[in-house]
1. Nearest 10 degrees is fine. How inclined is helix 145-154 to the longest principal axis of the chain, computing both from alpha carbons?
2. Considering the values [x] 1.17; [y] 1.13; [z] 1.04, which represents Cα Rg over 2.2 N^0.38 Å as calculated for the structure under consideration?
3. Gaussian network model of the chain, Cα springs within a sub-10 Å range: biggest mean-square fluctuation belongs to which of Ile198, Ile39, Ile176?
4. Per residue of segment 24-33, what does 6.51 cos²θ - 1.76 cosθ + 1.60 with θ = phi - 60° give for ³J(HN,Hα)? Whole Hz please, x for Gly and Pro, Karplus curve as stated.
5. Compute the relative contact order of segment 108-243 as a whole-number percentage, counting only Cα pairs closer than 8 Å that sit 6 or more residues apart in sequence.
6. Counting only helical runs of four or more DSSP H residues, what would the 222 nm mean residue ellipticity of the chain come to if each run contributes -39,500 (n - 2.57) and the total is spread over all its residues?
7. Quick one: compute the contact order of segment 140-218, relative version, from alpha carbon pairs under 8 angstrom and 6+ residues apart, as a percent.
8. For segment 1-148, with only Lys/Arg (+1) and Asp/Glu (-1) charged at the beta-carbon, what is the dipole magnitude about the Cα centre, in debye rounded to 20?
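Values quoted throughout were computed directly from the atomic coordinates according to the rules given, and no laboratory measurement underlies them. As the structure is a prediction and not an experimental result, all values here were calculated from the model. Using ideal geometry, Cβ is built from the backbone for each residue, glycine included, and neighbour counts are taken over all protein chains shown.
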Amino acid sequence: MRLRALLPRSFRDRLDLHRTAVSAFVDRVAASVPPAARILDAGAGEAPFRERFRHARYVSLDDGRGDDRWDYTAVHASGDLLAMPFRDGAFDHVLCTETLEHLTDPQRFLSEVARVLRPGGRLHMTAPLSFKEHQQPHDYFRYTRYGLALLLERAGLEPLAIEPEGGYFAYLGDKIQPLHRYLFRKDRALLWRVLFLILQPVSLLLFTVLAPLVLSRLDPLDRKRVHTTGFLVTARRPAAGAP
C-alpha cells in the first residue's frame, strides 16, 4: 500500500523534508548565479538540477559510483572528483549536493574546488550530519559545522555561511517516516499481521504523512538548531590579493 503515490506530486515532495531543504537551497543558488556564469555541478549524479541553470554555462561532472539504477547519460564529463579534469580558475561557481560524504578524501576534493574556482568564485554545497547509510559501500563521512569550516579553511576557501537545513522538528520528521516500514514489514508472522491489520493504514497515514507535515510546521520553534539532518554551505575562494 503506497499512500504517497495517491497524493499530488507537489504535496508528496513536501513530505521529504531533507530533499525539500536541499531543493530550496539549489533554487536560491540558481537565483544568485548571473546569466552566462560558469558553474560546475560536481558529483551531479543524474544532473537533476541542470534545468535550473539554463541561464548559466552549466557543466556536470560525476565519477559514476552512485546508485546503480542511475542514468548518467546527461552528465557532461565523467572523471575523478579528487583530480577534476578542468583548468585552474575555470568556473565562477561550484555546486556540490549530497556528495561530500561519498568521497574518500574530502579535503583533497575541496582543494580541487578551490583550484577550479576563479578568485572570488563561490562554492555552494550540502553535507550531512545525521543521515542513514546509503550508496554502500561508498558512504564514508558525516560533518559538523565546525568540521566543515575546518575543511574549507584548510582548502583555502572562506566560509560565508554554514546553515542547518532544519532544526529538531524537521530532524524528527525526517527520522520518523521509516517507522511504518519497520512496524509492518512484509516478513512479519501472519498472526501478527492479522491482529494488527486495522492499525496498518493508521500507521501509514500517521508516520508517513501527518507526522512529517506537522513537525515541519513546528520547526521554527527550534532556534538553536543543534539537531539537524545536514548543512547548507556557501564558501568563497578569496579574490587575488585579498588578505
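1. Helix 145-154 and the main axis of the chain meet at about 20 degrees.
2. Correct label, based on the coordinates given: [y].
3. Ile198
4. Once θ is set to phi - 60°, the couplings for segment 24-33 become 5, 4, 5, 4, 5, 4, 4, 5, 8, 8 Hz.
5. 50 percent
6. Calculated from helices alone, the mean residue ellipticity at 222 nm is -9000 deg cm²/dmol.
7. RCO, segment 140-218: 39 percent.
8. The dipole of segment 1-148 has a size of about 620 debye.
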